[in-house]
Amino acid sequence: MTSRAAGIRYARALFDVVGKEGDVQQAGQDLAGFAEFVSNHDALQKIFSNPAIPAAKKKAAVDQLIAHAGSMSPIVRNLLLLLAERDRLALLPDITVAYQNRLNEHAKVVRAEIVTAVGLPADRVAALQQGLAQATGRQVQLESRVDPSIIGGAIARVGSTVYDGSVTRQLQKMKEALTAERSS
């Protein structure tokens with residue numbers, strides 16, 4: 001099983017348990033906070049991903065980190081200790097991403113990205129966000145990015161769907177059509 005698939009399974013289980021007994025948003029914040037803390041410390045990443053270090057030592061390290069972190073959801077705390085015990089802390093980034101995706105799904109939020117050749121004014125980004133929200137029937141978290149290599153137009157990614165209206169793509173289609181005409 002890939003780490004992504006395992007991360008999804010752990011995230012699903014965490015979401016299901018927290019949904020019955022706690023605050024799903026707070027659990028997501030606790031999980032993301034711990035994962036970010038670990039990702040910002042190279043030494044911790046090396047320790048948690050090193051198979052030569054016994055799981056008991058990793059569990060003790062996680063326990064100390066949780067104690068210094070202050071308040072944390074008991075369910076998230078138990079998950080982190082379980083991951084340490086099973087020597088699966090390397091899955092933490094995948095679990096965090098999968099949990100956030102699950103949380104967005106639950107809240108009917110879809111992530112979207114718009115890529116343009118030049119920066120868009122804030123009012124245009126807001127209008128695009130509103131249009132995407134109407135089209136999807138969900139709340140949209142829109143991220144705007146500039147990529148001069150697309151020449152013009154825009155590329156929109158909504159969830160896993162890509163709408164490519166860039167000039168670069170249009171030129172590529174024209175080239176493919178012309179080369180197909182020549183070979184026939």
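Things worth noting here:
- Val97 being surrounded by fewer than 17 Cβ atoms within 10 Å (Cβ to Cβ), within 30 Å of His41 (Cβ to Cβ) and either in contact (Cβ under 8 Å) with a residue 60 or more places away in the chain or within 19 Å of the chain's Cα centre (by Cα) (or both): yes
- Verdict on Leu79 being surrounded by 14 or more Cβ atoms within 10 Å (Cβ to Cβ) and at pLDDT 95 or above: yes
- Filtered residues of segment 45-59 (kept if within 17 Å of Leu79 (Cβ to Cβ) and either of a type outside the set (Lys, Arg) or not in a helix (DSSP H, G or I) (or both)): Phe48, Ala55
- Members of segment 40-76 found to be surrounded by 14 or more Cβ atoms within 10 Å (Cβ to Cβ) and among the basic types (Lys, Arg), listed by number: Lys58, Lys59
- Filter pass, Ser149 being surrounded by 10 or more Cβ atoms within 10 Å (Cβ to Cβ), hydroxyl-bearing (Ser, Thr, Tyr) and closer than 18 Å to Gly119 by Cβ: no
- Residues within segment 24-44 that are acidic (Asp, Glu) and under 14 Å from Leu92 (Cβ atoms), tallied: 2
- Any hit, segment 75-98, residues being touching a Pro at 6+ places or on another chain (Cβ under 8 Å) and closer than 29 Å to Ala55 by Cα: yes
The values are calculated or read from the model by the stated rules, or taken from the named source; none is laboratory data. Please read all numbers here as calculations on a predicted model, not as lab measurements. Here Cβ is always computed from backbone atoms with ideal geometry, including for glycine, and neighbour counts include all displayed protein chains.
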